[in-house]
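Q: The structure follows.
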């Protein structure tokens, strides 16, 4: 979710940008670039954003990758800016794997892929997950994918099912605003957390019925003077945030959870 702000970034935002910079700001040595290209030669993904560390979409510190484009268009979605299939930017999967490699070197606990709807780009998603799984070696870093499709819809579509083959866990189902929930990492009560591998079971099974506790949103300043809010807001949380910012003299323009 993003919104541009009137006025300058505050000091907290600047410190966050300096201390929690995304790994894509670093340059990969030529040998790393060659290895990344070999992992996913020529595969391109259209994405909206990446960020590290993400701490509110899965356990631990994670690399977040948001795919661009979503045909599901759930009412009340906080990420309307990720719907347009022509929006965002194109990057190679090799580039994303370079970010993953550097996130692992920085101690990442996992990769979270969201959107948008990642399964609108099944080939790119499959290449990203396969490459990310291959980079883990013995590190217990898990791969989590958010999708608006249900488990049954995945099973009925071989291309979609193949695309998430290497995921350790899925969070499935459309966002339904009329069914709020406080379950960890989910926005509505119909959404399911599905471990798919032994690592996924060890990491996620304890959270299937766990209520969210502590912080559920984090802020990340973007290069275009927008503020990205990452996470799953509780009912009324975005409106309350807007009210607090307004009281402090900061107005949000074009917040992504409202139609233009």
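Q: Return only the number of the condition from (1) in a helix (DSSP H, G or I); (2) under 15 Å from the mean Cα position of the chain (by Cα); (3) under 23 Å from residue 160 (Cα atoms) that residue 99 does not satisfy.
A: Here residue 99 meets the rest and fails (3).
Q: Here is a follow-up. If you take the residues in region 233-253 that are in a loop (DSSP other than H, G, I, E, B) and either within 16 Å of residue 219 (Cα to Cα) or over 22 Å from the mean Cα position of the chain (by Cα) (or both), which one is modelled with the lowest pLDDT?
A: So, considering only residues that are in a loop (DSSP other than H, G, I, E, B) and either within 16 Å of residue 219 (Cα to Cα) or over 22 Å from the mean Cα position of the chain (by Cα) (or both), the one modelled with the lowest pLDDT is 251.
Q: Would you say residue 86 is surrounded by fewer than 24 Cβ atoms within 10 Å (Cβ to Cβ), out of contact with any helix residue (DSSP H, G or I) (no Cβ under 6 Å at 6 or more places or on another chain), at pLDDT 95 or above and in a strand (DSSP E or B)?
A: no
Q: From 139, 167, 178, 127, grab the single residue that is buried (at least 24 other Cβ atoms within 10 Å of the Cβ) and not in a helix (DSSP H, G or I).
A: Testing whether each residue is buried (at least 24 other Cβ atoms within 10 Å of the Cβ) and not in a helix (DSSP H, G or I) leaves just 167.
Q: Between a residue in region 159-183 that is in contact (Cβ under 8 Å) with a residue 12 or more places away in the chain and at positive phi and any residue that is surrounded by fewer than 16 Cβ atoms within 10 Å (Cβ to Cβ) and outside any loop (DSSP other than H, G, I, E, B), which pairs come within a Cβ distance under 8 Å, given they are 6 or more apart or on different chains?
A: 173/192
Q: Could I ask something else about it? Would you tally the residues in region 23-63 being farther than 27 Å from residue 212 by Cα and modelled with pLDDT of 85 or more?
A: 6
Q: Just one of 108, 75 is under 22 Å from residue 217 (Cβ atoms), touching a strand residue (DSSP E or B) at 6+ places or on another chain (Cβ under 6 Å) and not in a strand (DSSP E or B); which is it?
A: Only one candidate qualifies: 108.
Q: Another question, then. If you scan region 202-243, which residues turn out to be touching a helix residue (DSSP H, G or I) at 6+ places or on another chain (Cβ under 8 Å) and within 17 Å of residue 144 (Cβ to Cβ)?
A: Answer for region 202-243, where residues must be touching a helix residue (DSSP H, G or I) at 6+ places or on another chain (Cβ under 8 Å) and within 17 Å of residue 144 (Cβ to Cβ): just 216.
Q: Also, I was wondering about something else. Looking only at region 225-236, how many residues end up being more than 19 Å from residue 174 (Cα to Cα) and surrounded by 15 or more Cβ atoms within 10 Å (Cβ to Cβ)?
A: Going through region 225-236 one residue at a time, the tally reaches 4.
Q: Name the single residue, out of those in region 65-83 being in contact with a helix residue (DSSP H, G or I) (Cβ under 7 Å, 6 or more places away or on another chain) and free of Cβ contacts under 8 Å to residues at least 60 places away in the same chain, that is nearest to residue 101 (Cα to Cα).
A: Here the answer is 66.
Q: Which of the residues spanning region 181-224 are part of a loop (DSSP other than H, G, I, E, B), surrounded by fewer than 17 Cβ atoms within 10 Å (Cβ to Cβ) and in contact with a strand residue (DSSP E or B) (Cβ under 6 Å, 6 or more places away or on another chain)?
A: Across region 181-224, the qualifying residues are 182, 208, 222.
The values are calculated or read from the model by the stated rules, or taken from the named source; none is laboratory data. Computed from a predicted structure; not experimentally measured. Note: ideal-geometry Cβ built from the backbone for every residue, glycine included; neighbour counts use all protein chains shown.
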